[in-house]
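Working notes, structure below.
The values are calculated or read from the model by the stated rules, or taken from the named source; none is laboratory data. None of the values given here were measured: they were computed from a predicted structure. Cβ placement follows ideal geometry from the backbone for every residue including glycine, while neighbour counts extend to all protein chains displayed.
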């Protein structure tokens with residue numbers, strides 16, 4: 001994670017962790033007779049068990065940690081919030097403070113907080129306790145000038161989902177055959193020949209195509225590993241990837257050019273579209289139809305981002321700090337990480353977790369999730385999200401441009417217009 005990423009307020013995390021917010025609700029945590037200090041942990045899992053079972057699973061994990069430390073001098077107090085977690089953070093930072101502990105749910109750490117030395121550097125603790133494999137991708141993606149300010153216990157991981165039966169009927173090449181973008185383009189054209197079937201929903205999901213089209217070249221992958229620059233925008237890799245995706249969106253049709261993933265989910269589940277760009281977390285609904293299969297993007301590419309997660313104040317007492325760091329270790333432990341896979345249905349950050357073994361022991365959903373994750377692990381390239389790499393403003397501008405490209409008279413002109421917009425944003 002670079003400084004540009006930290007300045008942004010992060011990727012859209014509703015798909016991964018549900019709505020998070022600034023409306024503080026009743027606190028979880030174990031009972032404690034008395035304590036001289038409190039360590040408050042803000043998180044976004046405020047939904048009822050009926051509304052979203054995953055939220056209850058996560059609250060149970062937090063409560064278990066609190067109960068394990070109920071006899072200590074510090075009370076661990078888990079506080080669910082129902083609005084924007086970034087507001088909780090930013091409001092404190094504006095006052096020169098930082099929440100004791102906060103789960104940013106994929107969002108970015110406030111750059112102002114880092115500049116004011118309000119956030120604890122987690123890297124020394126990770127190194128001293130040999131937790132590099134436990135925090136996994138966080139160790140590299142969330143490194144900023146030799147420091148790590150946040151660790152997300154689950155990863156934002158995306159391949160795609162496709163309808164195997166539709167591809168068979170259209171005699172179209174399937175994801176394992178998409179060695180390049182030309183093959184994917186032809187497959188989408190073949191699918192569109194079927195009556196009542198469209199290829200894919202673009203709009204917001206089209207950013208995933210650009211994300212992975214950039215991974216086609218070494219230059220493009222390098223662009224995604226650092227802040228976007230003038231040179232990057234004008235590069236051949238960026239220009240080619242942007243043009244490729246804009247052409248795909250235009251061919252796909254204006255009718256399917258807007259909206260977000262939620263709007264296209266229903267059509268895919270009703271077998272009206274052939275491909276759905278969404279993450280591994282969708283395994284639960286996909287397991288209901290044997291025709292729904294996981295796949296990767298052209299060139300055997302997947303998207304995996306850590307994003308922001310557990311972030312700790314640098315202004316705690318020594319006892320509070322020790323408990324906060326123990327909580328970080330707890331959330332990335334093998335025991336908790338297995339729950340993240342089996343009950344949350346997400347990609348654990350812990351690299352020591354044997355996904356294949358856990359999947360083989362689970363139900364159909366767990367097996368499908370395992371299959372999707374193993375595909376990602378074996379991808380030729382894994383890249384982080386555009387939002388994490390370049391920030392939310394660039395992410396949003398690109399989605400708007402991709403949506404508009406469906407109705408563009410000339411794609412080359414639209415590419416240049418988009419580059420001009422991006423140059424204006426970064427300058």
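Values as computed for the structure displayed
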read-out	value
Listing of helices (runs of 4 or more DSSP H) fully contained in the stretch 181-245 that carry 3 or more residues being touching a residue at least 60 places away in the same chain (Cβ under 8 Å) and closer than 16 Å to residue 382 by Cβ	206-213
Residue among 255, 271 that is farther than 30 Å from residue 41 by Cβ, more than 21 Å from the chain's Cα centre (by Cα) and not in a helix (DSSP H, G or I)	271
Conditions (1) within 30 Å of residue 64 (Cα to Cα); (2) buried (at least 21 other Cβ atoms within 10 Å of the Cβ); (3) in contact (Cβ under 8 Å) with a residue 24 or more places away in the chain; number of the one not met by residue 336	(2)
The stretch 100-136, subset surrounded by fewer than 22 Cβ atoms within 10 Å (Cβ to Cβ) and touching a strand residue (DSSP E or B) at 6+ places or on another chain (Cβ under 6 Å), residue farthest from residue 349 (Cα to Cα)	121
Failed item, numbered, when residue 398 is tested on (1) farther than 23 Å from residue 139 by Cβ; (2) without any contact (Cβ under 8 Å) to a residue 24 or more places away in the chain	(2)
The stretch 163-180 - residue that is in contact with a helix residue (DSSP H, G or I) (Cβ under 6 Å, 6 or more places away or on another chain) and outside any helix (DSSP H, G or I) and, of those, farthest from residue 346 (Cα to Cα)	172
Residues located in the stretch 83-127, provided they are modelled with pLDDT of 95 or more, in a loop (DSSP other than H, G, I, E, B) and in contact with a helix residue (DSSP H, G or I) (Cβ under 6 Å, 6 or more places away or on another chain)	98, 99, 109, 110
Given (1) at pLDDT 95 or above; (2) over 30 Å from residue 130 (Cα atoms); (3) surrounded by 22 or more Cβ atoms within 10 Å (Cβ to Cβ); (4) within 22 Å of the chain's Cα centre (by Cα), index of the condition residue 405 fails	(4)
Filter pass, residue 252 being closer than 20 Å to residue 399 by Cα and touching a residue at least 60 places away in the same chain (Cβ under 8 Å)	yes
